[in-house]
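Shown next, in structure tokens, is the structure this report addresses.
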Amino acid sequence: MKKTIFSHIVITLLLLHSCTNKPEISDFKNWAPTPPMGWNSWDCYGPTVEEHEVKANADYMNAKLKEFGWEYIVVDIRWFVQNDKAGGYNQTDPIYVIDEFGRYLPAINRFPSAKDGMGFKELADYVHHKGLKFGIHIMRGIPKIAVENKMPIKGANGITADQIYTTELQCTWLRDNFTIVADKPGAQEYYNSIFELYASWGVDFIKIDDLSRPYHKGEIELIRKAIDNCGRPIVLSTSPGETPIEEAKHVSEHANMWRMVDDVWDTWPHVKHLMEVTQKWYPYIAPGTWPDCDMLPLGRISIRGERGEDRMTRLTKDEQYSLMTLWTIFRSPLMFGGDLPSNDEFTLSLLTNPEVLHVLKNSKNNHILSNDSLSQIWVADDATSTDKYVAFFAFDDRDKIDESLAIYHSKLITHEIGEQSTDVRISIGSANKLYLVVTDGGNGSDWDHANWIEPKLTGKNGSLNLVDIKWENAYSGWSSPQVGKSVGGNELNVENTIYLNGIGTHSNSIIEYNIPEGYDSFTAKVGLDKECLTHTEGATVKFLVFTESPTGPPPLDSLELRLDLSKLGLVGKYTVRDLWERKDIGDYSKEMSIYVRNHGARLFRLSEIK
């Protein structure tokens, strides 16, 4: 088989439990009684992580995080591809590693201990010997290469891969696998076979992608049965979101955690969006089944990742407190996305505050008490005492884009043929500022990769390519604006035409320029980049041009938030402790009045004075 490696080695199954002592289906909710806490390789290494990097993160967790409850080490996507790449996936000529039963195996050039058919057994043992747990990521479905070569399904009495698949609902952004038809003979056996293999390796956690949206109920049920039959308690995480809220009951009966949103990255709009999404999911927080806010894009990320350059998180310290406080008061799983050995002291402090982590592990009745355009207040009870928890969030975002100030508005640019681009030709008069703005067009961002093609200033001094000027400021809601390439790091491609001169960005974005004297007109072609058009979610954007600041008045530095304690059923006097500062701030009765920095959060414990 071209560019495919087969392993024909018989792997002895080393199961945690024998097949005669399989866990009952209901047992899976006991496997994650508190929100799982761990590390995942995606945010820092994308699909290219290697064994030595996994071990380095396990070593760090063992040394500095394990005592605080961190335990999972998870190898994310495409560990079975020898020649994958950062900044996207190699879907041109991937070299897969697969066995004779159509089951992916780790690429030995990246995971040397997988030699001789060992799979992840030795790496899992390394993690286990440190008192930690080991996890992997897979894609929903069956490998295309197994289908194309009619590979047999283990335990399916002669049924082959080509008899259980459909091309319908194939993942739109990674085409390694086909959909499995859940009621086909051999479908359950295929999932049984891969979880039998994973159990033999010692896998404790599995994240399965392209499962939550669209919601693949049939395959989720196959997976649940396969895990329950494999003889090992493997925590199941479905991804990515948004999981449909109408499937909340079903997913909580089959998975330990499920995503509520798409990938969360290190920008404030991603955090703010979750403050909205969590409002409908908190009724479903329950032991063993956790709505998932996604990974923590903190510390050093994108070393070989999918979202821009190697960097420390772009979130400010206030925004990092907001993120951690939201994940905590909501009781979301905590899966750290940065490279742990690269942590600075501040990042480490976010992960090792025992009083904050106590809220994650030991709170109940978590819910939003108040919510308005500038703030949000969450409350919860302590499960081990009569104490209460209160989280305050402040978000004065009045500096959002004011479209009425624009001198140019494009039509709505969509993924429909003929609607993917338009031309811009406008006068800018004697302006000395130029702001190129992209908004999401009302669809909530998603896959809005947008390009400014051949942007040019003209006037009495002739013609000037805008890309030859260094911008003053540039912000993009996803990754960072790129000169000469798309926001995803690829060629600028609008309507199947490749351009060398242009700027790739993503909604919502603002790029600010100072205009040299002698130029009074601006021209460009604007449109969606091809790399976003394969996504079924669609893409819509609007391009706007401003010659004055596109945002409103500057936001407040901090906000005063008040809480009537009677709304918590509290009477008498209470000692209030700031959990991030780990100090008492005073005794309160009737009302709390707290200042919170904009985009920041504060988390308190209230203890009655008797």
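None of the figures in this text is laboratory data; all of them are computed from the coordinates on show. All of these numbers come straight from a predicted model, not from anything done at the bench. Cβ atoms come from the backbone with ideal geometry, glycine included; neighbour counts cover every protein chain shown.
Paramagnetic label reach from Arg311 (point 7 Å along Cα→Cβ; backbone nitrogen cut-off under 11 Å): within segment 332-354, no residues. Projecting the Cα atoms of Tyr408, Val438, Ile428 onto the dipole axis of segment 403-546, where Lys and Arg carry +1 and Asp and Glu carry -1 at the beta carbon, places Ile428 farthest toward the positive end. Between Ile245 and Asn149, the FRET efficiency from the beta-carbon distance, with R0 = 41 Å, is close to 0.55.
Counting 0.36 nm for each residue step from Lys567 to Lys590 and taking away their Cα separation leaves a gain of 7.3 nm. Amide hydrogen proximity for Met139: with H placed 1.01 Å from N in the peptide plane, the residues at 5 or more positions away or on another chain lying under 5 Å are Asp209. Take the Cα of Glu67, step 7 Å toward its Cβ, do the same at Ser521, and the gap between the two points is 7.0 nm. For the chain, the residue among Gly117, Thr289, Tyr595 whose Cα projects farthest onto the positive side of the dipole built from Cβ charges is Gly117. Net charge dipole, segment 403-546: roughly 400 debye, given to the nearest 20, about the Cα centre with Cβ charges of +1 for Lys and Arg and -1 for Asp and Glu. I'd like the FRET efficiency for Gln163 and His129, computed as 1/(1 + (r/R0)^6) with the beta carbon distance as r and R0 of 56 Å, rounded to 0.05. Step by step, r from the Cβ atoms, then E = 0.85.
Close amide H pairs (under 5 Å, H built 1.01 Å from N) link Glu491 with Ser486, residues at least 5 positions away or on another chain. Please tell me which of these pairs span more than 27 angstrom C-alpha to C-alpha: Lys280/Lys364; Lys144/Lys272; Lys115/Lys184; Lys280/Lys530; Lys121/Lys154; Lys64/Lys121? Listed pairs above 27 Å: Lys144/Lys272; Lys115/Lys184; Lys280/Lys530. Here the residues Val74, Val596, ranked from fewest to most Cβ neighbours within 10 Å of their Cβ, fall in the order Val596, Val74. Which one is right for this structure if mean projected area of the Cα convex hull in nm² is calculated from it: (i) 46.5; (ii) 31.4; (iii) 28.6? It is the value labelled (iii). Here the average projected area of the convex hull drawn through the C-alpha atoms of segment 403-546 stands at 7.7 nm². Backbone phi angles across segment 418-435, fed through the Karplus curve with coefficients 6.51, -1.76 and 1.60 (θ = phi - 60°), yield HN-Hα couplings of x, 10, 8, 7, 7, 9, 10, 9, 9, 8, 10, x, 9, 4, 10, 10, 9, 10 Hz in residue order; Gly and Pro are listed as x.
Take every DSSP beta bridge whose two residues both sit in the chain, then give the antiparallel share in percent to the nearest 5. Mind showing how you got there, number by number?
Values: 95 of 124 bridges.
Close to 75 percent.
Helices in the chain, meaning DSSP H runs of at least 4 residues, each add -39500 (n - 2.57). Divided by all residues, the mean residue ellipticity at 222 nm is -5000 deg cm²/dmol.
Potential lengthening of the chain between Glu416 and Ile469 amounts to 15.8 nm, from the contour at 0.36 nm per residue minus the alpha-carbon distance. Spin-label model, Val483/Thr92: points 7 Å from Cα along the beta carbon direction are separated by 2.5 nm.
Inter-label distance, Asn362 to Glu491: 5.9 nm, where each label sits 7 Å from its Cα along the C-beta direction. Taking Cα centre as origin and charging only the Cβ of basic (Lys, Arg, +1) and acidic (Asp, Glu, -1) residues, the dipole magnitude of the chain rounds to 900 debye.
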